[in-house]
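The values are calculated or read from the model by the stated rules, or taken from the named source; none is laboratory data. Owing to the predicted nature of the structure, the values given are computational and were not obtained by experimental measurement. A quick note on method: Cβ atoms are made from the backbone with ideal geometry, for glycine too, and the neighbour counts reach across all protein chains shown.
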Amino acid sequence: MTKLDTLLVATDLSARSMQAVDRAVALAARHRAHLTLIHALGLDALGPLRDLLGAQAPEVARRATQRQQTRLEAIAADAVARGAGTAEIHVEEGLAATVVPAYADATPHDLLVVGARGEGTLRRMLVGSTASRLLRKSHRSVLIVKRPATAPYRRVLVAVDFSESSVQAAALARAVAPEAHFVLLHVFDVPFEGMLQYAGVSDDIIHQYRIEARTRAQHGLEDLITRAGLAQADHTAIVEHGDAVHQITTHLERADFDLVVMGKHGTHVTEELLLGSVTKRVLSESEQDMLVVVGAPRPQAVAQG
């Protein structure tokens with residue numbers, strides 16, 4: 001099983017972001033991992049306050065910084081007490097959406113953990129938020145926490161294609177949710193189906209194409225499960241035809257999943273396009289925590305990422 005040796009969690013110390021800290025601490029304790037807590041002070045945004053405070057501004061900023069550092073140190077100590085291997089804090093002066101992604105990519109971590117701000121807020125602020133910037137800019141996998149971390153993940157939906165990154169996604173998901181039952185979902189379509197219908201190809205022939213495409217998809221999913229080394233009792237495999245977002249969100253609504261796992265393909269060359277994909281839409285529409293696993297760049301677009 002993939003081991004998590006180093007984790008990075010971003011927090012603004014709000015109640016919502018502390019859900020991500022709780023999840024990261026639980027994972028660090030499970031793997032005896034090193035945990036880094038990063039906090040952005042946002043002093044770049046204090047310009048108007050400095051004008052109001054005048055000569056007192058530096059002292060106010062110093063006190064605010066010391067208070068945040070004290071809180072972070074207490075959280076780090078608690079993480080070690082709960083079983084994390086080691087824990088440290090890192091404080092930046094700038095804005096979270098800028099400094100957190102920069103620090104995350106400049107340092108080696110197996111997983112980045114960040115909270116989604118409030119119920120439904122992610123829908124309104126995907127572009128510009130810390131979570132969104134991490135997804136667009138980071139070359140490392142990101143766990144976005146939307147729910148209180150009251151228990152280990154028990155039921156996980158993994159949306160897969162047949163790429164090597166889907167094998168990596170399954171492996172990392174197992175590290176994040178070692179006790180969970182996995183549902184591996186592959187959504188396929190028939191290439192040029194709309195064109196075939198427009199061209200007057202009979203429904204019987206199109207139906208036969210669907211049967212053949214489903215058979216290929218089932219074989220591909222079986223091969224992926226073998227490559228990922230998943231035990232028979234640990235997973236359920238499902239192949240569906242249709243729109244990927246609709247099928248994924250429908251399955252999430254039908255069952256009590258607490259984590260959804262998606263892939264992100266590409267590098268910084270395509271980073272601005274990645275969140276226009278199925279991953280972004282599922283992220284905005286789902287209520288579950290989401291693990292976005294970064295895979296190797298691919299030469300063409302894929303169904304899930």
* To do: Could you please give the count of residues in region 191-221 that are modelled with pLDDT of 85 or more and of a type in the set (D, E)?
  => 1
* If we scan region 46-68, do we find a residue that is modelled with pLDDT under 80, surrounded by fewer than 19 Cβ atoms within 10 Å (Cβ to Cβ) and assigned to a loop (DSSP other than H, G, I, E, B)? -> yes
* When you scan region 140-236 for helices (runs of 4 or more DSSP H) that lie fully inside it, which ones turn up with 1 or more residues that are within 22 Å of S286 (Cβ to Cβ)? -> 164-176, 203-228
* **Test for L185: is it within 16 Å of I238 (Cα to Cα) and touching a residue at least 60 places away in the same chain (Cβ under 8 Å)** => yes
* Of the numbered conditions (1) among the polar types (S, T, N, Q); (2) modelled with pLDDT of 70 or more; (3) surrounded by fewer than 18 Cβ atoms within 10 Å (Cβ to Cβ), T121 fails exactly one; give the number of that condition. => (2)
* **Failed item, numbered, when Q247 is tested on (1) surrounded by 16 or more Cβ atoms within 10 Å (Cβ to Cβ); (2) of a type in the set (S, T, N, Q); (3) more than 22 Å from V278 (Cβ to Cβ)** => (3)
